[in-house]
Amino acid sequence: MSHRTIHLFRKGLWLHDNPTLLGALACSAALFPVYVLDRTFLEGAMGLGPLRWRFILQSLEDLDARLRALGSRLYVLRGSTAAVLNDLVTRWGVTQISYDTEVEPYYACMEREIQALAQERGLQTYTHVSHTLYDVKRIVKANGGSPPLTYKKFLQVLSVLGEPEEPVRDVSAEDFLRCSPPAEPLHEQTYRVPSPADLGLELDSEVLWPGGETHALQRLHKHFQSQGWVANFSKARTVPNSLLPSTTGLSPYLSLGCLSVRTFYHRLRSVCAQSKNHSLPPVSLQGQVLWREFFYTVASATPNFTKMQGNPICLQIDWYHDPEALEKWRTAQTGFPWIDAIMTQLRQEGWIHHLARHAVACFLTRGDLWISWEEGMKVFEELLLDADYSVNAGNWMWLSASAFFHKYTRIFCPVRFGRRTDPQGQYVRKYLPVLKNFPSQYIYEPWKAPEDVQLSVRTIPVPWCATQRPVMRKPYDFLKWNSNMSPSNGDADHKSRPWTPETLQLSGEVM
Ligand code: FAD
């Protein structure tokens, strides 16, 4: 049958490895590529902050340009997805809706609405998994109906399933040839991608991660020019405070749907196949992509994955309720330069290195402030370009020792961790200009500097003040940890040493 199809773009804003779009084109006489800017959904369910908004708008511009190059275009509409689709079905005489299947509960809810609409209006639906390497339901099934909760077990299950499917071919102009929808009057104005100003977004920060498939593929291509770097990548050897990303920086593109993870994975596979001594999971680049798949799998089969309560894999911990300390952490005013520099980079740029995420997440939760991981996760959700339902919550649970990992000793010292890889404090100087000329000796603990040195900083009118007492609980009340562990839930190391500023150990199972 030749359908009149709406292809609904949600996360997969790309034309390479897009089996849903390719399949829909193959059975359609007209295909309308649609994106619905559902502001309530995007800012509510997805917690979109201004930087991610900008990234999405740029990605839509890019998608529109790429579609136009193939003889089609993107139709951007505003409103609630179900209502907009209902209207378009009538306007365009639609018989089919195609969309990628996603795992997040809010997307699953949207999918139920689309299915209900399809049933009511007598439409076909066409859908495919595109955002993960496998259909994660297969992984859960192969593990006996529950998600594997360790990376090792996860890899064992994958070895039974075999390699993920190869990417499909790129969508081409020929595919669109017989599917181009007729032009409507007022076409350009009605369906154009809005600018940030149209949406009332005020953004003057530099764009370091421009959104869109074009930039994603360029970044991917650039990395694969250094095959040795790709083959020997070891996460633990990358530097959290380098001034340019020491890892791929592909996460915003993978998370917001500008790059197919299958494309990335199979490119990595072919590099490793050509290299005798390549690194291995969990620390290799393939290992990183598999961490992503791991969290997607667990999230897909765990109720209340982004919450502590009602989440069966999460330890129930009596975290402090301390809005003031939380605000200081969020706004980069803890008084620890290393922590505040990371939070500043996050606020300004929307991306921080994985180990920098470790540092601030540990600081907020089990390391220093004893504030719930859920609060940190929400702040990351708003500020990170790559904020991702499954990966964000999964890592926060890990870092707070609430799930997956329960060793209390692996605490990151907010002074020594940063100093180890950047003794001169270049990173701190960049993100906290108030300390630009501070002596290296004291840059990670300015409260130890002689008074005259501290006073030189205090004259600069900025909220951060080197002499303020850092926001930190006393060296940790270790008993609290023990008394608040849910005895049935964990295998925490109760005999471990309490926190001391000297305790700096990187996790053995490095993500
Ligand atoms: P690379 O090291 O180049 O890795 C390549 C890709 O592998 C990444 O783009 C990402 O898709 C995946 N990956 C890497 N590390 C992990 C990991 N630990 N878990 C799952 N996938 C991984 N990553 C997100 O994409 N979204 C989030 O919301 C997110 N929140 C995090 C919260 C905390 C508290 C922590 C500690 C980590 C979080 N991460 C998150 C994981 C990780 O820090 C980022 O994926 C990584 O730093 C992104 O940089 P990159 O693309 O250069 O990574």
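Let me confirm something: among LEU369, LEU399, LEU385, which residue is more than 8 Å from the ligand (Cβ to nearest atom), of a type in the set (A, V, I, L, M) and more than 27 Å from GLU206 (Cβ to Cβ)? Result: LEU369 is the single residue among LEU369, LEU399, LEU385 that is more than 8 Å from the ligand (Cβ to nearest atom), of a type in the set (A, V, I, L, M) and more than 27 Å from GLU206 (Cβ to Cβ). Residues that are aliphatic (A, V, I, L, M), touching a helix residue (DSSP H, G or I) at 6+ places or on another chain (Cβ under 9 Å) and in a helix (DSSP H, G or I) were ranked within the stretch 80-107; the one that is farthest from LYS307 (Cα to Cα) is VAL89.
Of all residues in the stretch 261-273, those satisfying the criterion of being over 21 Å from LYS11 (Cα atoms), surrounded by fewer than 22 Cβ atoms within 10 Å (Cβ to Cβ) and in contact (Cβ under 8 Å) with a residue 12 or more places away in the chain are ARG267, ARG269, VAL271, CYS272. Restricting HIS406, HIS354 to those that are open to solvent by 20 Å² or more (accessible area, probe 1.4 Å), over 26 Å from GLU43 (Cβ atoms) and near the ligand (Cβ under 7 Å from one of its atoms) reduces the list to HIS354. Only one of the numbered conditions (1) within 22 Å of the chain's Cα centre (by Cα); (2) in a loop (DSSP other than H, G, I, E, B) is not met by ARG73, and that is (1). When restricted to residues that are open to solvent by less than 40 Å² (accessible area, probe 1.4 Å) and not in a helix (DSSP H, G or I), the stretch 202-233 contains 6. Against the conditions (1) within 13 Å of the ligand (Cβ to nearest atom); (2) closer than 19 Å to SER72 by Cβ; (3) without any contact (Cβ under 8 Å) to a residue 60 or more places away in the chain, CYS258 satisfies every one except (3). Candidates are the residues of the stretch 383-398 that are over 17 Å from ALA45 (Cα atoms) and of a type in the set (A, V, I, L, M, F, W, C); the one that is surrounded by the fewest Cβ atoms within 10 Å (Cβ to Cβ) is TRP398. Can you tell me which of ALA29, ALA45, ALA24 is surrounded by fewer than 19 Cβ atoms within 10 Å (Cβ to Cβ), closer than 25 Å to ARG112 by Cβ and not charged (D, E, K, R)? Going through ALA29, ALA45, ALA24 in turn, just one is surrounded by fewer than 19 Cβ atoms within 10 Å (Cβ to Cβ), closer than 25 Å to ARG112 by Cβ and not charged (D, E, K, R): ALA45.
Filtered by the rule that a residue be open to solvent by less than 30 Å² (accessible area, probe 1.4 Å) and either closer than 19 Å to GLU382 by Cβ or under 21 Å from the mean Cα position of the chain (by Cα) (or both), the stretch 327-348 gives TRP329, ALA332, THR334, ILE339, ASP340, ALA341, ILE342, MET343, THR344, GLN345, LEU346.
The residues in the stretch 310-325 that are open to solvent by 30 Å² or more (accessible area, probe 1.4 Å) and either closer than 22 Å to GLY145 by Cα or touching an Asp or Glu at 6+ places or on another chain (Cβ under 6 Å) (or both) can be counted, and the count is 3. Evaluate the following for HIS131: is it without any contact (Cβ under 8 Å) to a residue 40 or more places away in the chain, open to solvent by less than 50 Å² (accessible area, probe 1.4 Å), under 30 Å from SER275 (Cα atoms) and not β-branched (Val, Ile, Thr)? No: the conditions fail for HIS131. If I filter the stretch 173-194 for residues that are closer than 30 Å to GLU349 by Cβ, open to solvent by less than 40 Å² (accessible area, probe 1.4 Å) and in a loop (DSSP other than H, G, I, E, B), do I get at least one hit? Looking for residues that are closer than 30 Å to GLU349 by Cβ, open to solvent by less than 40 Å² (accessible area, probe 1.4 Å) and in a loop (DSSP other than H, G, I, E, B), one finds at least one in the stretch 173-194, hence yes. Taking the numbered list (1) touching a Pro at 6+ places or on another chain (Cβ under 6 Å); (2) open to solvent by less than 30 Å² (accessible area, probe 1.4 Å); (3) not in a loop (DSSP other than H, G, I, E, B) in turn, GLU111 passes all entries but (1).
If you filter the stretch 280-305 down to residues that are open to solvent by 30 Å² or more (accessible area, probe 1.4 Å) and under 19 Å from TYR106 (Cα atoms), you find that the one that is farthest from the ligand (Cβ to nearest atom) is PRO303. Of the residues making up the stretch 76-86, one or more are surrounded by fewer than 21 Cβ atoms within 10 Å (Cβ to Cβ), more than 26 Å from the chain's Cα centre (by Cα) and over 30 Å from GLU202 (Cα atoms).
Contact map, the stretch 390-416: first residue closer than 30 Å to GLU104 by Cβ, second residue assigned to a loop (DSSP other than H, G, I, E, B) and within 12 Å of the ligand (Cβ to nearest atom), Cβ cut-off under 6 Å, separation 6 or more or different chains; pairs are ALA393/THR306; TRP398/PHE404; TRP398/PHE405; ARG410/SER507.
The values are calculated or read from the model by the stated rules, or taken from the named source; none is laboratory data. Here the structure is a predicted model, which is why all the values come from computation and not from measurement. Here the Cβ is made from the backbone with ideal geometry for all residues, glycine too, and neighbour counts use every protein chain on show. Surface accessibility is based on the protein's heavy atoms, side chains included, excluding ligands, DNA and RNA. Shrake-Rupley method; radii C 1.70, N 1.55, O 1.52, S 1.80 Å.
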